[in-house]
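Report on one structure; see the data block that follows.
Laboratory data are not the source of any read-out in this text; all were calculated from the coordinates shown. Keep in mind the model is a prediction, meaning the values are calculated, not measured. Here the Cβ positions follow ideal geometry from the backbone for every residue, glycine too, while neighbour counts run over all protein chains shown.
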Amino acid sequence: MRLIVGLGNPGREYQGTRHNVGFETVDRVGDRLHVEIDKRKFGGLVGQGTCGSQRVLLLKPLQYMNCSGQVVATAAGFYRVSPADLLVVTDDMALEPGRIRLRAQGSSGGHNGLADIIEKLGTDRFARLRIGIGAATRVARDYVLSRPTAEERTRLDEAIDRAVEAVVCWLDEGIETAMNRYNVKAKDETQTENES
């Protein structure tokens, strides 16, 4: 069993905010794999399906993001998912909108949702996929809980689409291949930099 967790905040008021790109990504992974994420279990919404020969569980914790660790730990424990078979998708202010970064393990990088998962699991040796939302232009909490501009929304949608491809690659070919393939700048960004 592979467990893919999207981080976000529950409730209509948070839909479409920068902080909820993890939820959006897992929803699109569900669309791609024809999995409905609609069953309440472990304190979250879950959906179960397959990708090739892999059994896959998609999870959206219904606790606020900074308290999502217990939901993840409970689901991982129930299905006996090892840290190597866990991927967490979340937002990242250290990356500009449109960038994604996949890592096999590591610290929380100051992200409270990841920090809570690390604490509850007792390890940081699980994969994480960060989607850039850009640096805060005001108080960080207000920034992440606000909705992106139209231009940022376009770049975030493109990043989420690439993130879905990265998740499927992780499932099919493993973390190293996924990192090598998707931890690169989008072509238009690279071209712009080369022209300047």
- [ ] Would you be able to tell me the number of residues in the range 138-160 that are crowded, with 17+ Cβ neighbours inside 10 Å and among the aliphatic types (A, V, I, L, M)?
- [x] 4
TODO: Check the range 130-144 and report whether any residue there is touching a helix residue (DSSP H, G or I) at 6+ places or on another chain (Cβ under 8 Å) and of a type in the set (Asp, Glu).
DONE: no
- [ ] For residues that are surrounded by 23 or more Cβ atoms within 10 Å (Cβ to Cβ) and aliphatic (A, V, I, L, M), scanning just the range 61-85, find the one that is nearest to Ile131 (Cα to Cα).
- [x] Met65
Task: Asp116 being under 21 Å from Cys67 (Cβ atoms), part of a loop (DSSP other than H, G, I, E, B) and touching a helix residue (DSSP H, G or I) at 6+ places or on another chain (Cβ under 8 Å) - done: no
- [ ] Restrict the check to the range 104-114 and report whether at least one residue is without any contact (Cβ under 8 Å) to a residue 24 or more places away in the chain and either buried (at least 18 other Cβ atoms within 10 Å of the Cβ) or charged (D, E, K, R) (or both).
- [x] yes
Task: Flag if Leu121 is surrounded by fewer than 17 Cβ atoms within 10 Å (Cβ to Cβ) and either more than 16 Å from Asn66 (Cβ to Cβ) or among the hydrophobic types (A, V, I, L, M, F, W, C) (or both) - done: no
Open item on the list: Looking only at the range 126-165, filter to residues that are of a type in the set (D, E, K, R) and in contact with a Gly (Cβ under 9 Å, 6 or more places away or on another chain); which one of those is nearest to Asp85 (Cα to Cα)?
Closed with: Arg128
TODO: Any chance you could count how many residues in the range 1-57 are among the aliphatic types (A, V, I, L, M), buried (at least 18 other Cβ atoms within 10 Å of the Cβ) and either assigned to a helix (DSSP H, G or I) or more than 16 Å from the chain's Cα centre (by Cα) (or both)?
DONE: 5
